[in-house]
Amino acid sequence: MFDCKLTTYAVLDEISQDQIKFITLRKRNKKLLADTLKIPDADWVKIKLDIPKRRHKNCSVYDTTTLLPKCESVFRQIIIKDHGRAEPTFVITNNHELPLKDILVVYAKRWHIENKIAEYPLHNPWSPKTTKINCTINPQK
């Protein structure tokens, strides 16, 4: 799981072909937003994310597949709306087996961790705080 600003679609395609599972955000653009407005209300699924202290636990999701520009792999795209943000969020993954709710919980927890890290003055080398960050990578077979 990583930030979409750290890679390109070509790299995602390569990672997918190497059978490494990932979850990330897709960059929004005008066409994606316009296409999202065309999705009928009946096609959206309402789900509840049981994450403690989460303000917006209910959201609407649309789970589909997409072929990203200049890619050979077909990715799973999950569009999320009614989640407290002005515009929909686009999650992409190459994990077609993981249940929808699990993908959203994993991503929401990642976002929570990122927000907590942002609270620390990591950018200030003269900060009196020492921060230790441990990262764990779970390889999936």
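What follows is calculated from the coordinates using simple rules that are stated; it is not laboratory data. A quick note: this is a predicted structure, and the numbers were derived from the prediction, not measured. Here Cβ is always computed from backbone atoms with ideal geometry, including for glycine, and neighbour counts include all displayed protein chains.
Side notes on the structure shown:
- Order by protection proxy (mean Cβ within 10 Å, highest first), peptides 26-34, 58-66: 58-66, 26-34
- Karplus 3J(HN,Hα) series, Hz, for the range 60-76 with 6.51 cos²θ - 1.76 cosθ + 1.60 (x for Gly, Pro): 10, 10, 10, 9, 8, 10, 8, 10, 6, x, 6, 10, 9, 7, 8, 10, 8
- Close amide-amide hydrogen proximity is noted between residue 49 and 58, 59, each under 5 Å apart and 5 or more residues distant or on a separate chain (H modeled in the peptide plane; Pro and chain starts excluded).
- Computed 3J(HN,Hα) for the range 82-95, one whole-Hz value per residue from the Karplus formula 6.51 cos²θ - 1.76 cosθ + 1.60 where θ = phi - 60°, is 6, 10, x, 10, 5, 10, x, 9, 10, 9, 10, 8, 9, 8, glycine and proline marked x.
- Paramagnetic reach from residue 19 (point 7 Å along Cα→Cβ, amide N under 20 Å) across the range 65-81: 72-76
- Amide hydrogen neighbours beyond the local backbone of residue 22, cut-off 5 Å, H modeled: 94, 95
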